[in-house]
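The values are calculated or read from the model by the stated rules, or taken from the named source; none is laboratory data. The model shown is predicted, which means the values in this text are computed figures rather than measured ones. Please note: Cβ atoms are built from the backbone with ideal geometry, for glycine as well, and neighbour counts cover all protein chains shown.
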Amino acid sequence: MRRVRHQPRSGVLTRPRWPRPSTGLAGATPRDGALACLAAGGSVLLVAAVASLFHGAGAGPAETVPAIAASAILLFVLPGSPMSQPWPVLGGYALAAVIGLLVGREVGHGAGADGLAVAAAVAAMWLTGTLHPPAVGIALSGAIGGPFDDHDRWLFALTPVMLNVVTLLVLAWAFHRLSRRPYPHRAPPTALEPSARDRAELHALLRELHEVLDVSEDDLGLLLRALEERERERDVTRGPSGVTR
């Protein structure tokens with residue numbers, strides 16, 4: 001998280017002129033990183049193997065693997081991200097595949113078609129709450145055409161694309177279940193759930209920072225409330241004199 005500085009006179013939050021380099025993902029340990037690396041690599045290997053069983057080693061399935069590899073990073077390294085949940089993954093890939101194929105058929109191929117496919121896919125995912133960045137690569141593949149011109153274009157959206165996506169989701173679910181991490185991610189049940197006022201203040205603060213964070217509002221609100229609660233407990237423990245009891 002980047003540090004912000006509060007100016008009491010104007011009430012405006014400002015950033016340091018030069019942000020400090022990131023030290024890593026919040027809450028992640030070296031063990032988490034090592035396991036995520038192994039899981040991401042192994043999952044891509046298994047997805048490619050499953051795809052080859054259904055399609056052979058053709059160019060069509062191979063074109064989907066780079067996007068799946070990018071998705072594996074999100075699902076295994078950032079399983080709590082809103083973009084890593086099953087609905088955005090499934091919906092994002094389905095929309096991107098269909099949009100890419102439509103643009104390739106109706107507009108043709110070229111730089112203009114590529115840009116249109118990417119823009120339309122991002123807009124559709126944004127509006128439907130299925131934002132999953134790696135899926136944009138599938139929209140681009142559909143618009144470019146290439147090996148998919150020799151096959152039934154609409155089957156491309158079902159297989160290999162959705163076959164690979166479902167395989168990856170099953171592997172992610174199994175991995176996180178074995179590692180005792182909840183997936184799909186759910187905010188833990190707690191009495192510290194933010195109130196409507198807290199949510200409104202959080203919205204106002206994010207607008208003031210002009211920032212979009214890769215964390216759900218529920219998780220962010222719970223984290224802030226938990227920090228406030230711990231600070232109150234410290235104040236009670238210290239007592240009026242500031243000395244720990």
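The table that follows gives values for the structure above.
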{"read-out": "Sole residue being over 30 Å from A117 (Cβ atoms) and at pLDDT 80 or above, chosen from H176, H185, H203", "value": "H176"}
{"read-out": "Among the candidates G92, G104, residue that is out of contact with any Gly (no Cβ under 8 Å at 6 or more places or on another chain) and either buried (at least 24 other Cβ atoms within 10 Å of the Cβ) or farther than 23 Å from D214 by Cβ (or both)", "value": "G92"}
{"read-out": "Condition met for H151 (at pLDDT below 85 and in the same structural domain as S43 (by TED's automatic domain parsing))", "value": "yes"}
{"read-out": "Near pairs, Cβ below 7 angstrom, 6+ apart or cross-chain, from the range 119-134 (closer than 18 Å to L102 by Cα and in the same structural domain as L75 (by TED's automatic domain parsing)) to any residue that is surrounded by fewer than 19 Cβ atoms within 10 Å (Cβ to Cβ) and of a type in the set (D, E)", "value": "none"}
